[in-house]
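The values are calculated or read from the model by the stated rules, or taken from the named source; none is laboratory data. Keep in mind it's a predicted model, so treat the numbers as computed, not measured. Cβ coordinates were reconstructed from backbone atoms using ideal geometry, including for glycine residues, and neighbour counts include every protein chain displayed.
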């Protein structure tokens, strides 16, 4: 086990067990407000005893103190706004282009360190700071097509280990991140028409497990407590697929969830963050949503589908206040990211409406956007710099309300068609790892995949020996389309990104299988008009195969390479035109190809000429 020791800073050190505490108030007033009035009255009384001139000088000062302590603006005391402004002006708010995940982490959470820890025989990332240690679990299946369309994700409150005297406090965060399907106008509109606007380009889910520092717990023991807490969380996840993230994967998740691409300056503004070329705005729920009896009314999925380029939803709960009870400290934070201020305002309005439908309310973190970024990173709710831990993490919420915030997860990706139940059939064309696809059919089906990938924000690189087959397609998309058509050969391409993935289409006859490791968010599609024995290697190494109806000889090759049954062989040979077989891990899913009017005009018929 490798663990870096991190000494608690004065701002974040906690003596003994840490549990969030509400600041003490009298009739809703803080002790500071009462002291301000006392000081103002005492100052005026003393000045009146000396001289009229002294009184004239003290009265404006006393009035200013009273206004600062007792004045309110947009639901907050002016003294609170002044404190926010001081923290905003005093902290670092910018990192230059070309910086990596560690620079982003240092900006958002100074003093944190990343190393590794052994959890059940697996080397996992360990994020350490002055308050505790954090490990990350990514939820969902890593495959191109999940074995189940949907997985119910539990509330972090239900994942909290039971409190015990011999364990440090534990906090759990469920972090959901979605990317909407957005692209050039006609392509995006066509894809929304195809999907009904319900499918996300991608979505990811991470659970962050934090153990808090406590008196008498050295670093080694705290790391073992974290490993034990992770084991308990994994047991409670049950059949929800999950895996511990290693150091490299954890840093990648950190930057991707933040939207930091390394090519843009990261800058905090008063009302928004500039990250990855987008404007980000963070909102925190002040009034928690009410439980709803209908699972179809689940709040978290509706939040992920707000009209924003990316949406990040963080639900953090814990630690238990001494013992499991009717209340648990919890925080719900939502970060919206859009290209411009107008679309950000529209997304914020939609957020307000969605929350209002569940009797909830959130406020934008004006002057505290960096705190909001910290709350929506997979760090399980550390205290922002400059704030005492006991005054930061949100108030206790009713346990039932927090428990009810579960979320169905899955269904994102590229839609290829509809199954026999008229449900969309999707696959993850872009992933945090390289994806290899083989298409057996014609150029039109590859062009269909290409135009739909554009709707997911992808740039398409076509390497072809028959450019004339792509000329009309390229011309129909118009100038400025994210499409490059070139001859086959070595080419240097920029790395893919969740918002801007890359799809390379190889249309060059028989080709050798790609044995390289590949890069994240970069997919390769090999197009073959016909399937023959020379394609055995490339087909056998593919993550996904898209097969239009085959000749009997082609079906025999496909079955032998992909490990399919004889019944499936007959289906491949007898499928009707307009059908496509989607094959992943020896499983065949059939879909009816469907086209929008835009795709019909741009591409024409999808039927394979046999």
Inset, instruction - Looking at (1) modelled with pLDDT of 90 or more; (2) farther than 25 Å from residue 562 by Cβ, find the lone condition where residue 426 falls short. - result: (2)
Inset, instruction - State all residues of region 400-425 that are part of a strand (DSSP E or B) and either in contact with a helix residue (DSSP H, G or I) (Cβ under 9 Å, 6 or more places away or on another chain) or surrounded by fewer than 17 Cβ atoms within 10 Å (Cβ to Cβ) (or both); if no residue qualifies, say none. - result: 407, 408, 409, 414, 415, 416, 418, 424
Inset, instruction - Just need a number here: residues in region 461-504 that are touching a residue at least 40 places away in the same chain (Cβ under 8 Å) and not in a loop (DSSP other than H, G, I, E, B). - result: 10
Legend entry - Hey, residue 116 at negative phi and surrounded by 21 or more Cβ atoms within 10 Å (Cβ to Cβ) or not: no
Inset, instruction - Residue by residue through region 261-271, note down the ones that are closer than 12 Å to residue 368 by Cα and buried (at least 22 other Cβ atoms within 10 Å of the Cβ). - result: 268
Inset, instruction - Would you check if residue 592 is assigned to a strand (DSSP E or B) and either surrounded by fewer than 17 Cβ atoms within 10 Å (Cβ to Cβ) or within 30 Å of the chain's Cα centre (by Cα) (or both)? - result: yes
Legend entry - Scan of region 159-179 for residues that are buried (at least 22 other Cβ atoms within 10 Å of the Cβ) and either over 30 Å from residue 456 (Cα atoms) or modelled with pLDDT under 90 (or both), ordered by number: 159, 160, 161, 168, 169, 170, 171, 172
Legend entry - Boolean, residue 152 is in contact (Cβ under 8 Å) with a residue 24 or more places away in the chain, surrounded by fewer than 18 Cβ atoms within 10 Å (Cβ to Cβ) and more than 16 Å from residue 330 (Cα to Cα): yes
Legend entry - Yes/no for residue 123 being under 26 Å from residue 383 (Cα atoms) and either under 18 Å from the mean Cα position of the chain (by Cα) or surrounded by fewer than 21 Cβ atoms within 10 Å (Cβ to Cβ) (or both): no
Inset, instruction - Answer yes or no as to whether residue 446 is at pLDDT 90 or above, crowded, with 21+ Cβ neighbours inside 10 Å, outside any loop (DSSP other than H, G, I, E, B) and within 21 Å of the chain's Cα centre (by Cα). - result: no
Inset, instruction - Please tell me if residue 397 is assigned by TED's automatic domain parsing to the domain that holds residue 209 and touching a strand residue (DSSP E or B) at 6+ places or on another chain (Cβ under 9 Å). - result: yes
Inset, instruction - Run down 495, 577 and say which single residue is surrounded by fewer than 21 Cβ atoms within 10 Å (Cβ to Cβ), out of contact with any helix residue (DSSP H, G or I) (no Cβ under 9 Å at 6 or more places or on another chain) and within 13 Å of residue 445 (Cβ to Cβ). - result: 577
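Of all the residues that make up region 329-361, how many are part of a strand (DSSP E or B) and buried (at least 20 other Cβ atoms within 10 Å of the Cβ)?
The qualifying residues number 10.
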Inset, instruction - Could you check how many residues of region 426-446 are over 22 Å from residue 607 (Cα atoms) and out of contact with any helix residue (DSSP H, G or I) (no Cβ under 7 Å at 6 or more places or on another chain)? - result: 7
Inset, instruction - State whether the residues of region 525-532 include one that is assigned to a helix (DSSP H, G or I) and either modelled with pLDDT of 95 or more or surrounded by fewer than 18 Cβ atoms within 10 Å (Cβ to Cβ) (or both). - result: no
